[in-house]
Amino acid sequence: MSPPGAGGTLFGTMIGGNDLDVSSLIHPKSSGYRPDRSVRYTFESSARSILGDDFTFIDEFRTSETTLEDILAHRTGLMSGDLAFLAGYESSTVTKEDLIKRFRYLPAPGQFRDEFKYNNIMYMLAGLVAEHLGNATWEDLMTEKLLVPLGMDSTTFTADVDEVTMALPYIYSYDEKDLQVLIWKYSDMLKWMEFLLERGWVNGKELLDNRSLMTMMNGHISLGEWHYAGQQTIPFSRASKWDISYGFGWFLGSYRGYRHVHHGGSYYGQTSGLKMFPDIKTGVYVTTNGPFPEMELLAIDFIQTNVADILLRESRWLNETVLCFSELSLPTSDEMLSDIESDLKVVPPAHSNEYTGSFGNYLFGNVHISNLGMKNQLNLSLVCTQAEIFTPSELEEVDELVKTAMECQSIPGLSLAVYKQGEKLVRSYGLADMSTGREVEDDTVFCIASVTKSFSTMLLAILLEDEDVNTHGYRFESSLRSILGNEFKLIDEFRTSETTLEDILAHRTGLMSADLALFAGYQLTVSREDLMKRFQYLPAPGQFRDEFKYSNIMYMLAGLVAEHLGNATWEDLIKEKLFVPLGMNGATFTTDVDEVTMALPYLYNPASSQIEVFDMQTFRNSLNVIAPAGSICLTSPDMLKWMEFLLYQGSAGGRQIVDRKSLLNMMNGHVSLGEFHYANQRQKPLSAASKWEISYGLGWFLGSYRGYRKVYHDGSYYGQSSSLQMFPDIQTGVYVATNGPFPIMEARATDYILTNVVDTLLREKRWFNETQPCLSNTTIPSEDEILSKVLSEMKTKPEEELNAYTGSYGNYLFGDVHISSESSQNQLNFTFGLYLTGVLLLDNKQCQVHLAGQFATYARPIGGLCEFADRENHGTFNTFSIIDGQDKYIFHRNVSFNEFKTTEIHMNGFELKPSPLVYVLFNNFHHVDSNKHMSTVIATILYFSIYKCVMNSVNLDSRVYIFLAIHICSVKVDNACSTQKLELG
């Protein structure tokens, strides 16, 4: 027998901790089955569809909508019920089936899919789902599906654990200051880690599809405020305790730039922690047997951090003396009660009986009270003294690293602003105007692009708090429809009625971004109100509140909401509510920016292979309608005032401008970034700049750097790039702005500068040396080089065939595209909106988009794809699409942006012209892709059939209303059917 603590000893892995995950029993796309083998389920299936009508939550919405994803990601908003589980149920006959019938009594203190609430009882529910799917007990299924295939022969369950082979769990006794014993279990963790890190393969066999594993280890909910509670201002360790996303049974984050998947578990006398770095196939597992609660979690954190540092060949974060500093001495029960009772007012004996007796709850169990006990809480405040931001030698180093980055990346001008606990610093470098030699100065204006989003969010918070303005009591949770009225419509009725301010500010509507249309440019006469009325044509490639899809057009909508609330333009409200109170005297907007005081925007033009100033008239006008998403311009001293306002919790000039709760809400995670932030990442990180952060608040990205909570946003628009990073818990912020050249990696240089400046502020060893920014220099080929290469690889099309593609194509939201042919070769010229021009290159396999002029940088260095569809009998094509990343912009022949009227009738993008007698109204008539053509056919048949019927049966002066129901089933949505109303008159 192995000695205590040796490899053969059994340790526990805790309820809600590292227990083998029920989610590994279900493939995200393939099936698990009910006992009758008749229904196919996925992670997106509702729990009720599996568990039946006995399963009921506190409200009908949660009952019908809660999916396995919601349960496993702790995002139901339901109360945890942990205390009831720890108390234990009086009857040993209570089963999981019994408990689910009582779930209707589980309160819901949180919003559905809006916040993380760690919940062990939901994993009990997940176990029950597994039992329904596998037609066996959870324990038997776990043994059959995981323990046996993985060869985890020593693993067992608490009910079966052997005291002889386990490390007995020890706890600290308050009453006797002695160690008591409990019994728990162990897991064969090395085999479990190998299975996970090898992407589901065991002994040459794929036990679990890698897509399932990726789904589990992808963020499904932001931890938000949950993971910040109780944190120290100066981090105890850098062991990714700030990671702010949760997958299915895993916390997710980063450590030293590597993707980090981890979970800890603790129950009386047994504590464990598992950390894995999937991209380098490395994991660390530590477990102890007490004494609980003598800070054994900190001991595990200390050990795992140092082991990870050694594995990664990094200098250790903690030395061996640090752990002893955290030794905790716990008083006895008598000592604690004595202190409490001395501060409490004695309850007269005559009234004490009013509190005694038995109290019950159908879910939580019963409480029996025979005497009265109370407990107080003490709050601790830590005040840090201010210090000079940089020493002279540190400032010299900062100047050198900035100049090195600018030289390597050909950056004309740069401004740096640093705020630290009341101290401020501005440094200016390079040229604001390359033609005249005008230098960047402290009061030079830079445009901050998407950093504007935090201003738009703050404006809404101020307006919502103002009772004189917000007379209807709107909140961030209020629906947009309630504020904007019935003219506001999205692609489906559910989004139309349910989408809130929080949803659009957190980029979680699932709607398409429409960025290409915004950059193409609308006529200056098009207003935000005009665009809002067209939002019903904005596609929804993503699920509602289930994923992060960055969207500038949603912030245009947020600006419109502010205008409705404040009864003024967004620009005037920003000035009144923020610029003036904060004293941001140099702040303005792209529409009003002065060329004499700004750092002119520069970009690389592939057409000329030169760095040149961007056309200022286009620069001023192109962001006009979407100004709330990215149009603010300001000086570094202005940005320092903005940082101070945010870091000092919404106060300026001795006045509280916004409630602290609102500020906390903005900087709290509302959606996990999921795969968005992992796309195209390298196995070895390029920098330590927390690019793995995986949560978004309201106008802010959220994460951590070197153990400190980090709130940040970047912004980039032609020739103007900026980044603002703040560390609220130490009242520190850094801002960097450049004026180009776009897109030659100026964002990479900004990343390099910010990382090193923050390292210097934190007195940390710098991540980069001075050669690093030069290694990432990128050369972009000229437009002629790209076109000649592509043309040489493409097959020429006959001139007469090109005529099938030419003409005008339109979209009521995106605008119009005009295509003409080039007789000399197989290319088509096109224009899109006010600003985008270029060529479409065709062959038998593909269609490519290549933009021309200064806007060519939008599609460099790769270019976009396009496609033509709906050809009529070898004649002209009726549909043209541009594919920009994951977004697809669809345009139809004989449709024009300018022909849109709010009374027009459309279905699936097709217009139905009303006759004098028959007017067909398809209101919110939307279907999944598989039904698109079918619904169109049905509509056409009904249209002409009813038209003929009406013509033959009624006279011209009569008015006839006919109501029909079209019943269309979709096999894509759990075999659900939807009924739509067709009204004719």
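Laboratory data are not the source of any read-out in this text; all were calculated from the coordinates shown. Please read all numbers here as calculations on a predicted model, not as lab measurements. Please note: Cβ atoms are built from the backbone with ideal geometry, for glycine as well, and neighbour counts cover all protein chains shown.
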task: Please give the contour-minus-distance gain from residue 205 to residue 594: 0.36 nm per residue of separation, less the Cα-Cα distance, rounded to one decimal in nm.
output: 133.5 nm
Packing-based order for 105-118, 698-711, using average beta carbon neighbours within 10 Å, highest first: 698-711, 105-118
field: Gained length - residue 873 relative to residue 648, 0.36 nm times residue gap less alpha-carbon distance
entry: 74.3 nm
- prompt: Separation between the residue 94 and residue 188 pseudo-spin-labels, each 7 Å from Cα along Cα→Cβ, expressed in nm?
  reply: 3.4 nm
field: Amide H within-cut-off set for residue 244, under 5 Å, with H built and near neighbours excluded
entry: 694
query: Computed FRET efficiency, Cβ-Cβ of residue 494 and residue 403, R0 56 Å: what is it to the nearest 0.05?
result: 0.55
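Of 117/281; 101/145; 577/710; 533/901; 489/901, which sit over 19 Å apart, Cα to Cα?
In this structure, 117/281; 101/145; 577/710 exceed 19 Å between Cα atoms.
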- line: Spelling it out for residue 218: with amide H atoms placed in the peptide plane at 1.01 Å from N, the residues 5 or more places away or on another chain with amide H under 5 Å from its amide H are 248
Two-site FRET efficiency, residue 467 against residue 111, from Cβ-Cβ distance with R₀ of 25 Å, rounded to 0.05: 0.60
The stretch 206-215 - phi-based ³J(HN,Hα) in whole Hz, Karplus 6.51/-1.76/1.60, Gly and Pro as x: 7, 7, 9, 4, 4, 5, 5, 5, 5, 4
task: Kindly write out, for the stretch 58-75 in residue order, the coupling ³J(HN,Hα) from the Karplus curve 6.51 cos²θ - 1.76 cosθ + 1.60 (θ = phi - 60°), rounded to whole Hz, with x marking Gly and Pro.
output: 5, 9, 5, 4, 5, 4, 8, 9, 5, 10, 4, 4, 4, 5, 6, 9, 6, 10
Ranked packing of 608-614, 731-737, 808-814, most packed first, by mean Cβ within 10 Å: 731-737, 808-814, 608-614
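Give the calculated FRET efficiency between residue 443 and residue 164 to the nearest 0.05, with a Förster radius of 56 Å applied to their Cβ-Cβ distance. Mind dumping the intermediate values first?
Details: r = 77 Å, r/R0 = 1.37.
The pair residue 443/residue 164 has a calculated efficiency of 0.15.
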message: So for each of 148-160, 210-222, 57-69, 626-638 I average, over its residues, the number of other beta carbons within 10 Å; can you give me the resulting order with the highest mean first?
response: 626-638, 210-222, 57-69, 148-160
field: Length released on extending from residue 475 to residue 118, taking residue separation times 0.36 nm less the Cα-Cα span
entry: 126.0 nm
